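What follows draws every value from the coordinates through simple rules; no lab data is involved. What you see is a predicted model, and the numbers here were worked out from it, not measured in a lab. Virtual Cβ from ideal backbone geometry, glycine too; neighbours counted across all protein chains shown.
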Amino acid sequence: MTDNEISGIFAAFNSRLKIFSIERLHNGLSNDNFLVRTKQHAYLLKFYREHWPTIGLSAQALFAKKQVCPELLWVDEINQFAIFEYIEGAITNNNYTPELINKLVALHHHQVVTLPMDIKQELDHYRDTSLYQHYKIIIEQTLSQVELFPRDSGFCHNDLVKENIIENPYGMFLIDFEYAKTNDVYFDLAAIVVSCELDPVEKVGLLETYQRSLPIQHRFTVSVRKLECYQLIFLLLCILWYSARSVGDKVTVLRTQLDRLINLRFSKP
């Protein structure tokens with residue numbers, strides 16, 4: 001994608017815009033992202049390489065109005081790209097905050113029900129890899145354990161790594177809704193645990209903060225054991241996903257965290 005082609009896209013979007021700069025962003029592995037600046041505004045141009053996220057784009061259009069995420073400005077499904085408001089800021093340095101949890105609760109209560117994320121199917125996609133075979137017993141045991149817990153279903157982000165939480169003086173914002181769909185909310189909570197490397201005390205604090213943010217009448221299963229099961233699952237999915245894309249540094253860091261958690265969980269009486 002050349003600068004002239006991008007300029008042509010923005011001329012169709014708004015012919016009055018005068019582009020000041022175009023910068024290729026290298027923080028996405030599933031998409032091609034460009035930061036496009038005019039004198040007054042900044043925009044994110046995102047080209048989708050793997051799938052067109054109809055559900056995520058619809059949710060993002062709604063939740064931008066609630067200051068949860070950047071505004072969706074223009075879509076071109078035929079050419080598989082979208083233009084968003086660009087949120088200035090940095091990847092969050094906080095483990096979690098009441099503001100973040102409140103926004104997450106709002107997302108989880110989005111009144112749209114989709115086909116739920118099939119975690120076993122997602123893992124099975126990598127069944128023939130050596131990494132999957134290495135952790136095969138852990139995967140099977142963890143999936144079996146998850147089935148024993150009550151399900152806390154909600155509309156989930158499903159990729160809530162720190163890189164997708166942006167913080168600036170106006171607050172915290174979620175980005176990249178490509179994988180958003182119905183799931184157990186513990187999947188999103190586990191993503192925070194993994195990305196922020198929360199310790200056992202902080203895990204309890206996360207669950208308690210989440211519970212306090214829920215409507216009074218809403219039932220929620222508070223369980224560190226369930227959270228750790230989903231932590232294992234999220235780690236395994238991330239490791240397999242990064243390995244398939246040859247991102248070795250991420251695999252190494254996450255495997256260290258995974259092996260530490262496995263040793264902790266399976267050493268308990």
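Observations on the model:
- Per the Cα gyration tensor, the range 202-269 maps to an equivalent ellipsoid with semi-axes of 28, 16, 9 Å, ordered largest to smallest.
- Of Lys181/Lys203; Lys103/Lys136; Lys18/Lys250; Lys39/Lys103, pairs whose Cα-Cα distance is over 29 Å: Lys103/Lys136; Lys18/Lys250; Lys39/Lys103
- Cα Rg, Dmax, the range 40-80, angstrom units: 11.0, 32
- Base-10 log of normalised Debye intensity for the chain (one unit scatterer per alpha-carbon) at q = 0.08, 0.09, 0.12 Å⁻¹: -0.35, -0.44, -0.78
- Estimated vicinal HN-Hα couplings, Hz - the range 246-252 in sequence order (Karplus 6.51, -1.76, 1.60; Gly, Pro = x): 6, 9, x, 5, 5, 4, 4
- Magnitude of the charge dipole for the range 3-86, about its Cα centre and with charges confined to Cβ atoms of Lys, Arg (+1) and Asp, Glu (-1), is about 340 debye.
- The long axis of helix 98-108 is offset from the longest Cα principal axis of the chain by roughly 90 degrees.
- Centre separation in Å (Cα based) which lies between the range 160-178 and the range 5-54: 18
- Remark: relative contact order (the range 117-252) = 25 percent; criterion is Cα-Cα distance under 8 angstrom and separation of 6 or more residues.
- Among the GluC sites (Glu not before Pro) within the range 169-269, those in coil by DSSP and having at most 13 neighbouring Cβ atoms inside 10 Å are Glu197.
- The 3J(HN,Hα) values that the Karplus relation (6.51, -1.76, 1.60; θ = phi - 60°) gives for the range 117-122 are, in residue order, 4, 9, 5, 4, 5, 4 Hz. Gly and Pro appear as x.
- Average Cα contact separation per residue, the chain, under 8 Å, 6 or more apart, as relative contact order %: 16
- Rg and Dmax of the range 3-86, both derived from C-alpha coordinates alone, stand at 12.5, 34 Å.
- Note, ³J(HN,Hα) from phi for the range 193-204, Karplus 6.51, -1.76, 1.60, rounded to Hz, x at Gly and Pro: 4, 5, 5, 9, 6, 5, 8, x, 5, 5, 4, 4
- Convex hull projection area averaged over all views, the range 55-208, Cα basis, nm²: 10.9
- For Lys65, the aspartates and glutamates whose Cα comes closer than 15 Å to its Cα, not counting residues fewer than 8 places off in the same chain, are Glu85.
- Relative to the Cα centre, the charge distribution of the chain, modelled as +1 at Lys and Arg Cβ and -1 at Asp and Glu Cβ, gives a dipole magnitude of about 360 debye.
- In the chain, helical runs assigned H by DSSP with n ≥ 4 each contribute -39500 (n - 2.57); averaged across all residues and rounded to the nearest 500, the mean residue ellipticity at 222 nm is -13500 deg cm²/dmol.
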